[in-house]
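Each remark here refers to the structure printed beneath this line.
Nothing in this text is a laboratory measurement; each read-out follows from the coordinates by a stated rule. Being a predicted model, the structure only gives us computed values, none of them experimental. Cβ sites come from the backbone with ideal geometry, for glycine too, and all protein chains shown count toward neighbours.
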């Protein structure tokens, strides 16, 4: 099945997305730019990618910027791949310059995931490295898309607290800091690091109790 309906107002044609990204990357030197030629407004495009897909989305966003001098509306990186990407030039990986708004969910940072804050907002559920209920890094790594998928059904189930690190968050030192919501309805504003706790199995969202 090539089409995924993720909510009543969100429909994703998986095949079209893959071909669009490949076409964009293969035709970066073509004039006119394929996006402009098709009359597509980058400000209406959102890309979501997991692991290597997060970096592909970032590279695609960068190519759009280079070719059109315009930015995509949003890129969401779901635990962007870490191995081989820590020291890559910004053109070769996801970065906050790749879209108007870049939000990132870190669930296995430092292992299979990138251990760098690369978005306008970087969310770290359960420290961003190990996830409750997981015993393998592959499970921790995959938890990012599971959390994002759950946010589609309940957009305010993952409130996160702005904080400098997980230890400070767990010790209640950031309990009066502002809140931002992790997931599909995440919005720009007040960039930084955000932390939250989740459950060990679906439904993962803890609501207000997860934000400290």
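Cut-off is 10 Å between beta-carbons; in what order do 45, 75, 179 appear when sorted fewest neighbours first? The partial results should precede the final answer.
Details: 45 19, 75 29, 179 15.
Fewest-to-most Cβ neighbours within 10 Å comes out as 179, 45, 75.
By average Cβ neighbour count within 10 Å, what is the ranking of 102-111, 81-90, 49-58 from highest down?
102-111, 49-58, 81-90
Obtain the radius of gyration and the Kirkwood radius of the stretch 131-208 from its C-alpha atoms and give Rg over Rh. Let's see the in-between values first.
On the way: Rg = 12.6 Å, Rh = 13.1 Å.
My calculation puts Rg/Rh at 0.96.
Taking the alpha-carbon centroid of each part, what is the distance from the stretch 140-164 to the stretch 78-137 in angstrom?
Rounded to whole Å, the Cα centres lie 14 Å apart.
Give me the Kirkwood hydrodynamic radius of the stretch 150-191, using the inverse of the mean 1/r over all pairs of distinct Cα atoms, in Å to one decimal. Spell out each step's value before the answer.
Details: mean 1/r = 0.0900 Å⁻¹.
The Cα-based Kirkwood calculation yields 11.1 Å.
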